[in-house]
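Shown next, in structure tokens, is the structure this report addresses.
The values are calculated or read from the model by the stated rules, or taken from the named source; none is laboratory data. As the structure is a prediction and not an experimental result, all values here were calculated from the model. Cβ: placed from backbone, ideal geometry, glycine included. Neighbour counts: every protein chain shown. Keep in mind that these areas ignore ligands, DNA and RNA; they rest on the heavy atoms of the full protein, side chains included. Shrake-Rupley method; radii C 1.70, N 1.55, O 1.52, S 1.80 Å.
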Amino acid sequence: MTEETVSMLYKLKPISDRLPAVKRPEGHVHFRTKMMWVVIVLVVYFVMTNVYIYGLDQAETLDIFAQYRTIMAGASGSLLQLGIAPIVTASIIMQLFVGAKIIKLDLTNKKDKACYQSVLKLVVIFMIIFEAVPQVFGYLVPSDDFVGTFGSFGASALIVLQLFLGSYVVFLMDELISKWGIGSGISLFIAAGVAQQLFTGTFNWYAVDASAAMSLSNPPAGAIPKALYILSTCTPQELATQGYDLIFLQQPNPLIALIGTIVIFMLVAYLESTRIELPLSHGGARGARGRYPIKLIYASNIPVILMSALLANISMFALLFYSGFLSGVPLLGSNEALGYFAEGSTAASGGLAWYLSAPTGLTSWLMPIIDPVNYATDHTPLMHLMHVVIYCTVMILGSVLFAKFWISTTGMGADSVAKQIQRSGMQIPGFRRDPRVLERVLDRYIPTITILSGALIGALAAFSDLVGTVGNASGTGVLLAVSIMIHFYEAIGREQMMEMHPVMRGFLGGE
């Protein structure tokens, strides 16, 4: 990239700086204040998920992000219809450009980082419009009264405006959390939505169809109430013939999904605690020692969030090309090889979009392979097996790729960490106090652990989707929620340490 192009990027900064933004605090923000803002933002988030779009015909509307709703941290038909999708997609674009050196910005430089974050706001706005317009003119149907008042185009434009305002408020709340709160707003929104779905999926005692009487064909929706109801209602013969199948495998919320959710919790907790610790000593204070931890999940959960957002966008455009306003595009329009969808469904029934979609539990892929007679589908056992292999491969390789980009663009690479250790006055015992020496030592660990962490987090997400989860929370969503809560707990610990020991703020990155 030439210097001229860089200067053009900087020319966008005065425009983006005029956009509404959250001002960074001038000094240290106390721990109680940070927790207060976290609670306020979460309350506003849950309120917005229950504020439905004015003028929308809920009965005729299709949720094209239904499969990825928990990861998108939104609610169908509400102001958060788009969720965090525009923010994450904008981040993917900017990170890819920076990582590929198309945009030559040094994110360790404060001026370049400020330019990056400022221009990111413009990209987010573009992505909000880019994702809102196809949905509104494709699958978010205005009500007849709304169309009668404002006209067809006016009604759709007003819905786009509501989606824009809701999504931009989410972006501002994410900024508020990152500057005045603890952790990441996007991560907290995902964890809050997944936690809500897991709770209702486990303990909901209402029948699946609340308008009909409770029966074996209409049991309680929650995994535990359903199991208790079937065990207390069925005779031993009924249990043997259908009861255990209903409890452990059949939707909604089979018990195997609850067991899988618990296993994922324990696996992620274990992997998050696994780390390599490099010994450090202070160059000027003899006897002062410490350790620099390199976690096994070094790239955190960000690669899976980015990968899931990418797959969600592929699914959305496959649907738009098949039956939306893009269906008339030559070659791609109505092309079943790209993906085809049953009427009224937003989940792909075949084609490339189906192979890239997440399986929804054992009954969606394993049982049709083992018992194709009783679990007959439109796909052969071989196609189900290919679906699993392709999805797992894409998730793992994609997560590795995004992990490498994330580490290189967020100051977590070997060179950036070496400079950070150097600035803190620490060094590795037995080695010269030189950033280049530190970088060579860290190069033995960080590149390898980055690839391994990306592969592990992608494999865990794929495994979670294959086993299934309660509450229609995707396996990827559960994985993210557990990882997010562990990181949030660690962040709270760091904040409390900085509150008690102000000297630690500089070393831990505090203000």
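What the table below lists for this structure:
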quantity: Solvent exposure, largest accessible area first (probe 1.4 Å, DNA, RNA and ligands not counted), of VAL478, VAL43, VAL147; calculated: VAL43, VAL147, VAL478
quantity: Positive minus negative residues near LEU438 (Lys, Arg vs Asp, Glu; Cβ under 12 Å); calculated: +3
quantity: Probe 1.4 Å - accessible area at PHE463, Å² to nearest ten; calculated: 90 Å²
quantity: Which of LEU12, LEU165, LEU278 is most accessible, then next, and so on - probe 1.4 Å; calculated: LEU165, LEU12, LEU278
quantity: Part-to-part distance (alpha-carbon centres) for region 114-173 and region 286-325, which is given in Å; calculated: 24 Å
quantity: Shape call, region 285-419: gyration tensor on alpha carbons, a/c limit 1.5; calculated: oblate
quantity: Cα gyration tensor shape for region 351-423, rounded if a/c is under 1.5, else prolate or oblate; calculated: prolate
quantity: Set of lysines with alpha-carbon distance to LYS34 below 17 Å, sequence-local pairs under 8 removed; calculated: LYS23, LYS179
quantity: Size of charge dipole - region 44-180 - debye, nearest 20, with Cβ of Lys, Arg +1 and Asp, Glu -1, no other charges; calculated: 860 debye
quantity: Cβ-based net charge around ALA114, under 11 Å, with every Lys or Arg adding one and every Asp or Glu removing one; calculated: +3
quantity: Using alpha-carbon coordinates, inclination of helix 223-233 to the longest axis of the chain, degrees; calculated: 30 degrees
quantity: Whichever aspartates and glutamates have a C-alpha closer than 19 Å to that of LYS110, once near sequence neighbours (fewer than 8 apart) are set aside; calculated: GLU3, ASP17, GLU26, GLU175, ASP415, GLU511
quantity: Relative contact order (%) - criterion: Cα under 8 Å, at least six apart; region: the chain; calculated: 19 percent
quantity: For GLY151, net neighbour charge (Lys/Arg +1, Asp/Glu -1) across residues whose Cβ lies under 15 Å away; calculated: -2
quantity: Cα-based helix-to-principal-axis angle, 302-323 vs the chain, degrees rounded to 10; calculated: 40 degrees
quantity: Solvent-accessible area, 1.4 Å probe, carbon plus sulfur percent, for region 183-286; calculated: 66 percent
quantity: SER178 versus TYR270: modelled label distance in nm, points set 7 Å from Cα along the beta carbon direction; calculated: 3.4 nm
quantity: Positive-pole candidate from ALA240, ASN253, ALA212, dipole of region 179-314, charges at beta carbon; calculated: ASN253
quantity: Answer label for percent of Cα pairs over 41 Å apart (calculated), chosen among (1) 20; (2) 25; (3) 44; calculated: (2)
quantity: Acute angle (nearest 10 degrees) that the helix 255-273 long axis makes with the longest principal axis of the chain, alpha-carbon atoms; calculated: 10 degrees
quantity: Furthest towards positive pole of dipole, GLY413, VAL400, TYR322, structure part the chain, Cβ charges; calculated: GLY413
quantity: The chain, accessible area per residue, ligands and nucleic acids excluded (1.4 Å, Å²); calculated: 48 Å²
quantity: Computed accessible area, THR235, all protein chains, 1.4 angstrom probe, square angstrom; calculated: 70 Å²
quantity: Average Cα contact separation per residue, region 263-379, under 8 Å, 6 or more apart, as relative contact order %; calculated: 13 percent
quantity: Listed residues LEU161, PHE97, LEU56: farthest to the positive end of the dipole of the chain (Cβ charges); calculated: PHE97
quantity: Size of charge dipole - the chain - debye, nearest 20, with Cβ of Lys, Arg +1 and Asp, Glu -1, no other charges; calculated: 2760 debye
